[in-house]
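Since the structure comes first, as structure tokens, the remarks are kept for the end.
The values are calculated or read from the model by the stated rules, or taken from the named source; none is laboratory data. Every value quoted in this text rests on a predicted model; they were computed, and no experiment measured them. For neighbour counting, all protein chains shown are included, and Cβ atoms are generated from backbone atoms with ideal geometry for every residue, glycine included. Ligands, DNA and RNA are excluded from the accessible area calculation, which covers all protein heavy atoms including side chains. Shrake-Rupley method; radii C 1.70, N 1.55, O 1.52, S 1.80 Å.
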Amino acid sequence: MDQLAFIADILLPALWGGLLVTLQLIAAAAPFGVLIGAGIAVGRVYGSRPVQYFSRAYVAFFKGCPLLLLLFILYFGLPSAGISLSPFTASVLGFIFCNSAYDSEYIRGAIKSIREGQFTAGLALGMTRGQVIRNVILPQALRRAIPGLVNEFVYLIKYSSLAYMITVIELTGAGKMVATRYFTYNETFLVIGLVYLSLVTVTTIGAHLLERRVAVPGMASGRH
Amino acid sequence: MDLAAILISWFPFLLTGIVATLGLVFAALGVGFVIGLPAAIGQVYGSGPVRFLVNVYVWFFRGLPLLVLLFLFYFGIFPALGLGDVSPFVVGAIVLGLHGGAYQAEIFRGAILSIGEGQMTAARTLGMNRMQAIRHVILPQALLIALPGWSNEYPTVLTDTSICYAIGVTELLTRASVIVSTEYIAMPIYLACAGIYLVLNYTGIKALHLLEKRVSIPGFEAGSN
């Protein structure tokens, strides 16, 4: 009974504030992750040599560098170069870099799965390369990339907890403070875990709905 | 003292961190394998309760952030079990293993399911029991098919080890941070640290590709059976 009172009166109110910060982190990072990821993917497939080279280096660096280290670089490292970011901004930037690198891999795979003939056909119809990519290739590729992008979104939810390591008091941080103060590590982290599990579950269900909503009838993947 | 001299003087210190990081990677992949493979077998061939248990395990360890798992085990579960003085390194390796095991279970499950069902029936017809069929017929093929997916676990686990910083494991990132706070130079140290991670990442992936090529059987690929 004591534990229930602790959870209801102390833990949940504290977690609520943290949850809002976590949601803000995700909402700020996810759209740019997809947008930049799409840009990097297009650059890797259709770009000139230097663009391809840059995109590959971008992906290699941000996939290979641990996210926590990236956050340290942005938050503790950049001030020595004269750029001071707030913990929140540094976190969002780090998430965008990391997320876009992984997103670009899924989008690149999806672009490559679109038949080359479509590109030629678009050009034959008088479209420019940019127009073909924007109006023919990407609308199909992005739909096909949805399952992979959802995967990355789920990772983003979970890895947003790392923002706590550079002092952002989000869900994990808010819980850690309560746990340390009241010495209730098991209860606190299990409750936090359940919150993350619900976020992940809701996302997965939402993603299925989205996928069905944007599906074009008769265009099941792997047929074109 | 200029930067190069500082880096060189700290290099042995960083090297110990690299050893700890690689130790975490191997321990985590090993623990993950020992848990993930039986979990996958349980998921495919197990009875109802076994399948349920495995599903709960996978759901839990894939749904929670690694940081939360580390805090839960290091500050909560281990002390509650009277294991409060287990070193952070061991806790880190076990948690990374449990976390990775859930992902590995999915990889192995996919590989097992890709083996035609007829093979199990054929093995049973030849007089093998289910265990024998799994051990001598299904797994040798499934493990081969799972290898490319399993290789992808290496870079993930490598970057994940850095999160053990949060419970005070003295791995690469922790040691880099110690240098930063001693020498008051952040950027070059962290970039050097990133460089080390990239090298470890690249070498490991190359080594795994070599292994894949070595163990591959010509004409036997996923979907060919």
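Exactly one residue among A:108, A:115, A:129 is among the charged types (D, E, K, R) and modelled with pLDDT of 95 or more, and that residue is A:108. For the range B:193-210, the count of residues that are more than 12 Å from chain A (Cβ to nearest Cβ), in contact (Cβ under 8 Å) with a residue 60 or more places away in the chain, open to solvent by 50 Å² or more (accessible area, probe 1.4 Å) and part of a helix (DSSP H, G or I) is zero.
Kindly indicate the residue of the range A:174-190 that is more than 10 Å from chain B (Cβ to nearest Cβ) and touching a residue at least 24 places away in the same chain (Cβ under 8 Å) and also surrounded by the fewest Cβ atoms within 10 Å (Cβ to Cβ) among those meeting that condition. Let's see the steps before the verdict.
So in the range A:174-190, the residues more than 10 Å from chain B (Cβ to nearest Cβ) come out as A:174, A:177-178, A:181-182.
Those still in the list that are touching a residue at least 24 places away in the same chain (Cβ under 8 Å) too: A:174, A:177-178, A:182.
Numbers: A:174: 24, A:177: 15, A:178: 24, A:182: 13.
Top of the filtered list is A:182.
How many residues does the range B:1-43 hold that are open to solvent by 40 Å² or more (accessible area, probe 1.4 Å) and among the aliphatic types (A, V, I, L, M)? The number of residues fulfilling the criteria is 11. Filtered by the rule that a residue be outside any loop (DSSP other than H, G, I, E, B) and at the interface with chain A (Cβ under 7 Å from one of its Cβ atoms), the range B:181-190 gives B:187, B:190. Entry remark, the range B:71-84: residues being in contact with a helix residue (DSSP H, G or I) (Cβ under 9 Å, 6 or more places away or on another chain) and more than 8 Å from chain A (Cβ to nearest Cβ) number 5 in total.
If you check B:78, B:33, B:52, which single one turns out to be in contact (Cβ under 8 Å) with a residue 60 or more places away in the chain and not polar (S, T, N, Q)?
Working: B:78 fails: in contact (Cβ under 8 Å) with a residue 60 or more places away in the chain; B:52 fails: in contact (Cβ under 8 Å) with a residue 60 or more places away in the chain.
Being in contact (Cβ under 8 Å) with a residue 60 or more places away in the chain and not polar (S, T, N, Q) holds for just one of B:78, B:33, B:52, which is B:33.
Taking only the range B:48-69 into account, find how many residues are within 9 Å of another protein chain (Cβ to nearest Cβ), surrounded by fewer than 18 Cβ atoms within 10 Å (Cβ to Cβ) and in contact with a Gly (Cβ under 9 Å, 6 or more places away or on another chain). Going through the range B:48-69 one residue at a time, the tally reaches 1. Restricting attention to the range B:140-163, does a residue exist that is among the small types (Gly, Ala, Ser), modelled with pLDDT of 95 or more and open to solvent by less than 20 Å² (accessible area, probe 1.4 Å)? Yes - at least one qualifying residue is present in the range B:140-163. The residues of the range A:164-173 that are out of contact with any Phe, Trp or Tyr (no Cβ under 6 Å at 6 or more places or on another chain), at the interface with chain B (Cβ under 10 Å from one of its Cβ atoms) and either in contact (Cβ under 8 Å) with a residue 60 or more places away in the chain or farther than 11 Å from residue A:88 by Cα (or both), listed by number, are A:165, A:171. Restricting A:209, A:194 to those that are open to solvent by 50 Å² or more (accessible area, probe 1.4 Å), more than 12 Å from chain B (Cβ to nearest Cβ) and assigned to a helix (DSSP H, G or I) reduces the list to A:209.
Applying the set (1) within 14 Å of chain A (Cβ to nearest Cβ); (2) more than 24 Å from residue B:38 (Cβ to Cβ) to residue B:89 leaves exactly one unmet item: (1).
Where helices (runs of 4 or more DSSP H) fall entirely within the range A:43-130, those with at least 3 residues that are open to solvent by 60 Å² or more (accessible area, probe 1.4 Å) and over 30 Å from residue A:170 (Cα atoms) are at A:49-64, A:116-124.
All but one of (1) within 12 Å of the chain's Cα centre (by Cα); (2) over 26 Å from residue A:157 (Cα atoms) hold for residue B:32; state the number of the condition that does not hold. With (1) within 12 Å of the chain's Cα centre (by Cα); (2) over 26 Å from residue A:157 (Cα atoms) applied to residue B:32, the lone miss is (2). Consider the range B:164-179 and keep the residues that are of a type in the set (A, V, I, L, M) and at the interface with another protein chain (Cβ under 7 Å from one of its Cβ atoms). The one that is least open to solvent (accessible area, probe 1.4 Å) is B:173.
Residue-wise test of (1) touching a residue at least 40 places away in the same chain (Cβ under 8 Å); (2) assigned to a helix (DSSP H, G or I).
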{"position": "B:82", "(1), (2)": "no, no"}
{"position": "B:91", "(1), (2)": "yes, yes"}
{"position": "B:103", "(1), (2)": "yes, yes"}
{"position": "B:142", "(1), (2)": "no, yes"}
{"position": "B:157", "(1), (2)": "yes, yes"}
{"position": "B:163", "(1), (2)": "yes, yes"}
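Looking at B:83, B:72, can you tell me which residue is surrounded by fewer than 18 Cβ atoms within 10 Å (Cβ to Cβ) and either out of contact with any His (no Cβ under 8 Å at 6 or more places or on another chain) or on the phi < 0 side of the Ramachandran plot (or both)? Reasoning before the result, please.
On the way: B:72 fails: surrounded by fewer than 18 Cβ atoms within 10 Å (Cβ to Cβ).
Among B:83, B:72, only B:83 is surrounded by fewer than 18 Cβ atoms within 10 Å (Cβ to Cβ) and either out of contact with any His (no Cβ under 8 Å at 6 or more places or on another chain) or on the phi < 0 side of the Ramachandran plot (or both).
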